[in-house]
1. Ordered by packing density, taken as the mean number of other Cβ atoms within 10 Å over each peptide's residues, highest first, how do 174-187, 218-231 rank?
2. Under 5 Å between amide H atoms, partner at least 5 residues away or on a different chain: which partners does Gly70 have, H built in plane at 1.01 Å?
3. Sort 66-73, 191-198 for me by packing, meaning the mean count of neighbouring Cβ atoms within 10 Å per residue, highest on top.
4. Give the Debye-formula value of log10 I(q)/I(0) at each listed q (0.26 Å⁻¹), with one equal scatterer per alpha carbon of segment 216-258, two decimals each.
5. Which parts of segment 200-230 would a label at Asn179 reach, counting a residue when its backbone N lies under 18 Å from a point 7 Å out along Cα-to-Cβ?
6. Evaluate Rg over Rh across segment 170-274, taking Cα atoms for both radii and Kirkwood's formula for Rh.
7. So which lysines can Lys268 reach, going by Cα to Cα under 20 Å and dropping same-chain residues fewer than 8 places off?
8. Estimate the FRET efficiency between Leu111 and Asp238 by the formula 1/(1 + (r/R0)^6), using the beta-carbon distance for r and 35 Å for R0, to the nearest 0.05.
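Nothing in this text is a laboratory measurement; each read-out follows from the coordinates by a stated rule. Small disclaimer: the values here were computed from a predicted structure and weren't measured. Backbone-built Cβ (ideal geometry, glycine too); neighbour counts: all protein chains shown.
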Amino acid sequence: MRAKPSAPRLTLTQRGICAAALCLLSACATRLDPAPVVDLSGGGNPSAPAPTPVAPMAAAPAPLGPPPPGYYRVRPGDTLSAIARSNGHSAGELIGWNNLTDPNHIEVDQLLRVVPPGGAPAAVAVAPGPAVPSAAAPVAPTVAAAPADNQPPAADAGSLSLVWPVRGPLLGRFNDSSNKGIDIGGSAGEPVRAAAGGRVVYAGNGLRGYGNLVIVKSDATFLTAYAHNRELKVKEGDNVSKGQVIAAMGNTDSDRVMLHFEVRRDGKPVDPLRYLPPQ
């Protein structure tokens, strides 16, 4: 029987080559550089970009408070002539009191003086009701205001037919300096009647020197004022007719019982005797 041939034996040189090859393969399979270390203790990924800060939202502007006494805060849609009319003055007076260089340009939330300098009460706001200036107040050039949209102008801007608000002795006459109207004597509690019909645009005691005061606006041109009353019988916004009782005579802010009566044309005082019949 014939024996199998044996595997060939490796020579010494071949054994050395195989050993070197095994060492090389072992070196390639072994990773020499350490793996990166990640901190998982709660700090997150240190290489992640920092979050972009979010700017805080701007706070809404605080609402404006009420205007100071004697001032009016402009609202959307207001015009200077309309503000002047609603306060019983002319546009020219407001231009002078507020030093306006462009009366056609007023801004929303702008404060406008609606009583003459020195004429505003210390604590009681009279806007938007009209105010009666003191005798020492400067008078700006009068500018005729356009009539209100819902109020037709008088047929004759110079005509006004009045009745006497009270009957009594004439204690003081109009002189356009120290007396802006006339003073009529009488008894405390005597009825004071509207000299002309119209709408009550002011009823109160917020004007120094006038006591309990009623102002009636007849149209876009004329208004009448009744001061020093003991009691007021009407309130702002009331419509009154000529001859209607609107107050009771008194002596508030006066040293004697009397009615101080004024007529204003386009916001400027005029002599009431020009419009009253003989007494």
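1. For the peptides 174-187, 218-231, the packing ranking is 218-231, 174-187.
2. The answer is Val126, Ala127.
3. 191-198, 66-73
4. Evaluating at q = 0.26 Å⁻¹ gives log10 I(q)/I(0) of -0.99.
5. 209-211, 225-229
6. Here Rg/Rh amounts to 0.93.
7. Output for Lys268: Lys180, Lys217.
8. Step by step, r from the Cβ atoms, then E = 0.75.
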